[in-house]
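Read through the structure below, which is laid out as structure tokens, and then see the notes.
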Amino acid sequence: MITLSARPFYWIEGRPVEAEEAEARFAERLGSRADTMAYQILQRHNRSKDPALMQITFDALASHDITYVGIIQTARASGLKEFPMPYALTNCHNSLCAVGGTINEDDHVFGLSAARKYGGLYVPANVAVIHQYAREVLAKAGNMVLGSDSHTRYGALGTMGVGEGGPELVKQLLKNTYDVPAPEVVMVYLEGAPRPGVGPHDVAIALCGAVFKNGFVKNKILEFVGPGIAALPMDFRIGIDVMTTETTCLSSIWETDERVQDFYTIHGRPGDYAKLSPCEGARYDSLIRIDLSKVESMIALPFHPSNAFTVHELQANAADILREVEKEAAKTFGGKVQLHLTDKVTAKGLQVDQGVIAGCAGGMYDNICEAASILRGASTGSGYFSLSVYPSSLPVQLALFRNGAASALTEAGAIFKPCFCGPCFGAGDVPSNNGLSIRHSTRNFPNREGSKPGEGQISSVALMDARSIAATAARGGILTAATDITYDASHEPYRFDSSVYANRVYNGWGSPHPEEELRFGPNITDWPRMYPLEQNILLKFCAVIHDPVTTTDELIPSGETSSYRSNPERLSQFALSRRVPDYVKRSLKVRNAEGHRRNQQLVEELESLLRCVNVNLPDLDVTAANTAYGSAIFARKPGDGSAREQAASCQKVLGGLANICYEYATKRYRSNCINWGILPFTMPTGTEFDLPEESYLLVPDIRQAVIDHREQIQAYSITDYGVSPMILELKGLTDDERTILLEGSLINYYGTKARQA
């Protein structure tokens, strides 16, 4: 089904040729990485003259309502006058808030006022999810889009999308660049055609299962080529493409053809199409070969899209496989709650409690039409199983109403819901305790279904394609592969009606109104003061996590906590709350001690620490006046998942100064740490981190080390057993990143630039 080759390949005569063979037989045709589609696009957007480092400017930006307030607040404080490129502010995350509260809609009012003031696009709540709107309006073949959401992927449309934390969008708004090491490019060669019943999520889950755990494509660009592309309708391609985020790749790009051209024409933008293909002799760093004809109906079990099985494998070994998931849940939640999935194995098969087809991956026109074909004339039943459908945009929903698909699903018992990302991040359709939900959505991390283990409530999500979800729904929730049923998959072609957007979306691009005022609700607050990096730092480990991977959802939970996204102090109180419940309390104690130090009033703990340092390391210049005290986190591999910068900013608000790990799961999380002034330390290869929680670490002369571009950093651990030397690494920082760390945050960096102007 999927094979991986870590060796270089060339694109010769429309097929991948291994480097050794290519160099022997086709030497005169061989080119370089510059001949890939990815680099053809990157170089057109690159300002850098350094071949090892790219400095990218984007053509358009997109944010949703969990991130845009902070982005605009930061850019505004740094001198923003108007948006320099099209910037879409969508409201698809539309987070839930307390009954009677105004938190949510206040943010939306702020967003509209910002679009009017600075000249942006404002998409009201329930009109479209962020990525569908970007596909329909912002995408253009050969262009690049930066979004403050990790699933910013428009490669199937010939547009390179990158998902990053909000500070990277601030840089673009202030006409600076997105700096990234020149990425490797992986050829994804598609051949064959999917069998009936196989959908895009089946291919995507199989791909995640093949490449996530081994890091095969981490921070690289996936370039989709090959004859198999022609067999895939546009929604199928888009459905695979959006899930490439879960492989930890940097971005993606696909060959374009007549179907892509038709997409742009249908959406009223025929001039935005361009033919894209790699040049003859293009060189790739590695190869993924996917035979679409061999892909089966898939399921990604809790708690990651890469936890992939075929549906048939699960049906044959349900008890054993689900027992392993239960063990993982017990480990993840520290034994505080028990997941009982094995109870769902019945004589009829595996009983599922809920089905959801939603958002930028599942809520596509073709997916919902095929689900309707499967359920037409059937029933989801009157039992415990339920099915919800969330279209990706109102134009998609309008087409589904007009062609009868929405009626067929409604008659079968499905519930149509708004264009909303909630089921993807834990704010919609929360199952009952110990419930199992199957979802065509992007993620199934812990709590992505909205459960609260800290309050004794646990449920879980498995990812499946809409086709198999519908097949399961037709049997009242008994898990069923869509390849095991027969149905007519044909349906009317999609007809895009732009009237919904013309009547409801505010399009102020190119027409700012600087005289208008931003509208602030009481929960929209400024960032607390952040200080430049001191000569020395003294760290207390307020969380030590030895899990293989720590997700951004664990660093700052998604779901209802996001109601406080525009209030840094209130949101920070949720940091690591579902993983290390004492983290906030410990960090606040450190922050309080640092506040007293700045007022020249040492608390006993810090005074004792400084005395210990001076006794054991008398040659170091470490005093209360030149040594900042802050919290730190150790995690083996932190940052998989969301682009939300709050995963880092909450640490900083609580007084965080550093993270230490073996490696960062994604570039975007490491970038978020740097932009919030958190030092992104790593451990040298082959060394182990063995310090306990609430131990200490002194990093002397760190400010000068950053100035001097030192990558090996001398530190000293302080535990009950004494003071010991320890080496840290601080690798791969750009000049701008060093300056941001020295200034203490991106906000301070721009503030300094503004004062110097």
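(i) 146; (ii) 202; (iii) 163: which one is volume of the Cα convex hull per residue in Å³ as calculated from this entry? The calculated read-out lines up with (iii).
Under 25 Å of direct C-alpha separation, and excluding same-chain neighbours fewer than eight residues apart, LYS348 reaches these lysines: LYS327.
Under 5 Å from the amide H of HIS64 lie the amide H atoms of THR90, SER148, each residue being 5 or more positions distant or on a separate chain, with H modelled from the backbone and absent for Pro and chain starts.
Cross-link partners of LYS589 among lysines, defined as those whose alpha carbon lies under 25 angstrom from its own and excluding same-chain residues fewer than eight positions apart: LYS540, LYS652.
Judged by the ratio a/c of the largest to the smallest principal axis of the C-alpha gyration tensor, region 536-756 counts as rounded, that ratio being less than 1.5.
Put simply, the amide H of SER451, placed in the peptide plane, has neighbours under 5 Å in SER459, leaving out anything fewer than 5 places away on its chain. Shown in residue order for region 34-47 are the 3J(HN,Hα) couplings computed by the Karplus curve 6.51 cos²θ - 1.76 cosθ + 1.60 at θ = phi - 60°: 4, 8, 6, 4, 4, 6, 4, 6, 4, 5, 6, 10, 9, 9 Hz (x for Gly and Pro). For region 56-67, putting each phi into the Karplus relation 6.51 cos²θ - 1.76 cosθ + 1.60 with θ = phi - 60° gives couplings of 9, 10, 9, 8, 7, 10, 8, 9, 10, 6, 7, 10 Hz, in residue order, rounded to whole numbers and with x for Gly and Pro. Between HIS312 and ARG529, the distance separating the two model label sites (each 7 Å from Cα on the Cα→Cβ line) works out to 6.7 nm. Against the main long axis of the alpha-carbon atoms of the chain, helix 200-211 sits at an angle near 40°.
For region 556-678, the convex hull spanned by the alpha carbon atoms encloses 124 Å³ per residue. Measuring nothing but how far apart in sequence close Cα pairs (under 8 Å, 6+ apart) lie, relative to its length, the chain scores a relative contact order of 14 percent. Rounded to the nearest 10 degrees, the inclination of helix 318-332 to the longest alpha-carbon principal axis of the chain is 20 degrees.
Summary of packing: across the peptides 732-744, 336-348, 204-216, 457-469, the per-residue average of other C-beta atoms within 10 Å ranks them, highest first, as 457-469, 204-216, 732-744, 336-348. Let me make sure I get this right: for region 146-278, a, b and c are the square roots of the gyration tensor eigenvalues over alpha carbons, sorted descending. Under 1.5 in a/c it's rounded, otherwise prolate if a/b > b/c, else oblate. Which is it? Taking the square roots of the gyration eigenvalues as a ≥ b ≥ c, region 146-278 is oblate. A cut-off of 5 Å between modelled amide H atoms, ignoring neighbours fewer than 5 places along the same chain, links TYR87 with LEU61, LEU121.
Per residue, the convex hull around the alpha carbon atoms of region 399-488 comes to 108 Å³. Relative contact order, whole percent, for region 1-96 stands at 18, derived from Cα pairs under 8 Å and 6 or more residues apart. A cut-off under 15 angstrom between Cβ atoms defines the neighbours of GLY355, and their net charge, with Lys, Arg +1 and Asp, Glu -1, is 0.
Here the Karplus curve 6.51 cos²θ - 1.76 cosθ + 1.60, taken at θ = phi - 60°, turns the phi angles of region 155-168 into couplings of x, 5, 9, x, 10, 7, x, 10, x, 9, x, x, x, 5 Hz, with x standing for Gly and Pro. Net charge around VAL653, counting only other residues with Cβ within less than 12 Å of its Cβ (Lys, Arg = +1; Asp, Glu = -1)? Overall, the nearby charge balance is +1. Sorting the segments 282-293, 48-59, 642-653 by their mean number of nearby beta carbons within 10 angstrom, highest to lowest, gives 642-653, 282-293, 48-59. Other residues within the sphere of radius under 12 Å centred on the Cβ of ASP708, judged by their own Cβ, net out at +1 (K and R +1, D and E -1).
Rounded, prolate or oblate: which one fits region 432-533, using the alpha carbon gyration tensor with axes a ≥ b ≥ c (rounded when a/c is under 1.5, else prolate when a/b beats b/c, else oblate)? It comes out oblate by the Cα gyration axes.
Each Cα pair under 8 Å and six or more residues apart adds its separation to the average, and for region 299-493 the resulting relative contact order is 28 percent. Once the Kirkwood radius over Cα pairs is known for region 635-757, the Stokes-Einstein relation at 20 °C and 1.002 mPa s delivers a diffusion coefficient of 141 µm²/s.
All of the numbers you see were taken from the coordinates with simple rules; none came from a lab. No experiment lies behind these values; they were computed from the predicted model shown. Note that we place each Cβ from the backbone using ideal geometry, even for glycine, and neighbour counts take in every protein chain shown.
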